[in-house]
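Next up is a structure, given as structure tokens.
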Amino acid sequence: MNNIYLKLAKTNIKNNRQLYIPYIASGVITVMMFYLMMFLNNNPGLGHIPGGRNLKLILGLGVGVIAIFAYIFIFYTNSFISKRRKKEIGIYNILGMEKRHIAKVMALETIYVGCIAIAGGLAAGIIFSKLSMMCLYRILNLKESVIFMVTGAGIGYTLLVFGILYLLTLVYNLMQITLAN
């Protein structure tokens, strides 16, 4: 029986791709920006340059700003998608699906989108992390070599922040279904 929900969730994402592609792309970009800021903030090489403590403080503030921006932006896009799909959900209800079944499908859709956005954003962030460090060294006019590394703290905080974000969007979607007539 759960296989039906998985297929229905995948089909819904494919059929509503004009809504979901920008939503997933915005999720990937915000996850990537957050990881890049975490990477730059947690880079041990910044402690050895002049003004590195101030730069770490500024980057830490940037991490917070990006996290707040991501929550607002992802919630706004999620509510936009929910409003656009109300008729589709109503049709499911008319065709005999109970609210709990619709909730399972919506939960699977949110989980799929969240996993794709987080995995894609982390992959893009890891790919562009050395480039961002090189650009920062170029802006600061430093002649040091850039070492490629993947920060565990950056990945951990990114998974935590965006896992909570997509969990909250899941709760919002489930509340929309239970409150719908």
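Using the Cα atoms of the stretch 82-181, I'd like the radius of gyration and the largest Cα-Cα distance, Dmax, both in angstrom.
20.4, 67
Alpha carbon centre of the stretch 1-63 versus the stretch 147-161: separation in Å?
11 Å
A follow-up question, please. Projected onto the charge dipole of the chain (+1 at Lys/Arg Cβ, -1 at Asp/Glu Cβ, origin at the Cα centre), which of 136, 80, 58 gives the Cα projection farthest towards the positive end?
Going by the charge dipole, the pick is 80.
Treating the beta-carbon of each Lys and Arg as +1 and of each Asp and Glu as -1, no other charges, what is the dipole magnitude of the stretch 25-181 about its Cα centre, to the nearest 20 debye?
Working: 13 positive and 4 negative charges, 47 e Å.
Its charge dipole is roughly 220 debye.
Kirkwood-based Rg over Rh for the chain (C-alpha set), two decimals? Could the numbers behind the result be given before it?
Numbers: Rg = 19.8 Å, Rh = 18.0 Å.
Result for the chain is an Rg/Rh of 1.10.
Would you list which lysines come within 30 Å of residue 130, measuring only between C-alpha atoms, while excluding same-chain residues fewer than 8 positions from it?
56, 143
Write out the chymotrypsin sites (Phe, Trp or Tyr not before Pro) in the stretch 81-181 meeting two conditions: DSSP loop, and at most 14 other Cβ atoms within 10 Å of their Cβ. Could you put the intermediate results ahead of the total?
On the way: sites: 92, 112, 128, 137, 148, 157, 162, 166, 172; in loops: 148.
Passing both the DSSP loop test and the Cβ count: 148.
May I have the convex hull volume per residue, in Å³, for the Cα set of the stretch 33-99? Can you show the working numbers first?
Working: hull volume 6.0 nm³, N = 67.
In the stretch 33-99, the Cα hull volume divided by residue count equals 90 Å³.
Along the stretch 48-58, what does the Karplus equation 6.51 cos²θ - 1.76 cosθ + 1.60 (θ = phi - 60°) give for ³J(HN,Hα), rounded to whole Hz, x for Gly and Pro?
Calculated HN-Hα couplings, in order: 9, 9, x, x, x, 5, 5, 5, 5, 5, 5 Hz.
Summarise the accessible area of the stretch 43-164 (1.4 Å probe, protein heavy atoms) by the percent that is carbon and sulfur. Don't jump to the answer; show the numbers that get you there.
Details: 5250 of 7280 Å².
Carbon and sulfur together cover 72 percent of it.
Lys/Arg Cβ at +1, Asp/Glu Cβ at -1, dipole of the chain taken about the Cα centre: which of 103, 121, 93 is farthest positive-ward?
93
Let me ask something else about it. For the stretch 1-46, what is the accessible area per residue in Å², given a 1.4 Å probe and the full set of protein chains?
Working: 2270 Å² over 46 residues.
Accessible surface, normalised per residue, equals 49 Å².
The values are calculated or read from the model by the stated rules, or taken from the named source; none is laboratory data. In this text, all values refer to a predicted model and were calculated from it rather than measured experimentally. Neighbour counts are summed over all protein chains in view; Cβ atoms, including those assigned to glycine, are modelled from backbone coordinates with ideal geometry. These area figures cover heavy atoms from the full protein model, side chains too; ligands, DNA and RNA do not enter into them. Shrake-Rupley method; radii C 1.70, N 1.55, O 1.52, S 1.80 Å.
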